[in-house]
Amino acid sequence: MAVKKKKGRRIVKVLLIIVAVYLLMILWQLIGDIYSRLVNTHEIEVSEEWNGESYQASIEWNLIVVNRWNPIPENYSVELTVLSNGQKVDSRIYPHLQEMFDAARAEGIYPIVREGYRTEEEQQEILDDKIQAYINEGYSQWRAERTAKEWVALPGTSEHQLGIAVDINADKTKCTNDDVYAWLAENAYKYGFILRYPLDKQEITGTSYEPWHYRYVGTEDAYEINERGICLEEYFE
Ligand SMILES: [Zn+2]
């Protein structure tokens, strides 16, 4: 009888520990969530200075800033040109992209557009796939969503939906991605393109370093952005 009682108490103890650990985990996630919200709120306040609605309405198409705090203006429309590999870009950047690629090829560098224009639905699919991938890795739904959103732009906040941003990789039969990234870092501004997410600007752009993602702004602005070593957000501060 006494042994049974002891055993019963031990089970209760183990159960209590499990519950306590579980509650601690929930608390930990809540703290993380509140913290990230606080950080983001702060950044929204900063960005509103240069990006109210009137700002977006008055700005030229090539200088629109889209990031996680500044969605694409409503009713944004774009005329697209289809590339030979099926990717699409805003027709206005096409000649500049072509000129840049021709210049690269003349120097033995063979870039390709891996990803150009994306619809809102395609962006949503990419996000959903990423969330599912984390769930498959064993993440909870909540944590999978949070982690995926750190890496994938929310629909409506991806520059690819503007059609003036391109992910550029190498034709790997002829050179490496690193060859292409190095050439672009050195030369893209001459054709009006900027590295949109530099290594040391993650806090300001809200996006991790992406050596393949280039964004058209026009040569004049690209020269200045390149020379000052700043990112697009800083250009409007
Ligand atoms: Zn991209």
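The table below gives the values:
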item: Unique match (being aliphatic (A, V, I, L, M), in contact (Cβ under 8 Å) with a residue 60 or more places away in the chain and not in a helix (DSSP H, G or I)) among L154, L184; result: L154
item: Single match in T207, T119 (criterion: surrounded by fewer than 16 Cβ atoms within 10 Å (Cβ to Cβ) and within 25 Å of P71 (Cα to Cα)); result: T119
item: Residue satisfying all of: in segment 125-158; more than 16 Å from the ligand (Cβ to nearest atom) and of a type in the set (S, T, N, Q); surrounded by the most Cβ atoms within 10 Å (Cβ to Cβ) among these; result: T147
item: Residues of segment 119-147 satisfying the condition of being farther than 29 Å from V166 by Cα and under 18 Å from the mean Cα position of the chain (by Cα); result: none
item: Flag for P211 being within 12 Å of the ligand (Cβ to nearest atom) and assigned to a loop (DSSP other than H, G, I, E, B); result: yes
item: Residue match in segment 140-149 (condition: under 17 Å from I64 (Cα atoms) and at pLDDT below 95); result: no
item: Residue in segment 159-176 that is within 16 Å of the ligand (Cβ to nearest atom) and loosely packed, with under 14 Cβ neighbours inside 10 Å present; result: no
item: Any hit, segment 141-152, residues being of a type in the set (F, W, Y) and within 27 Å of I109 (Cα to Cα); result: no
item: Evaluation of Y191 against (1) under 16 Å from I64 (Cα atoms); (2) crowded, with 19+ Cβ neighbours inside 10 Å (one fails), failing number; result: (1)
item: Matching residues in segment 69-111 - criterion: being assigned to a strand (DSSP E or B), among the hydrophobic types (A, V, I, L, M, F, W, C) and in contact with a Leu (Cβ under 9 Å, 6 or more places away or on another chain); result: V89
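The values are calculated or read from the model by the stated rules, or taken from the named source; none is laboratory data. What you are looking at is a predicted structure, and each value in this text was computed from that prediction instead of being measured. Glycine gets a Cβ as well: all are built from the backbone with ideal geometry, and neighbour counts include every protein chain shown.
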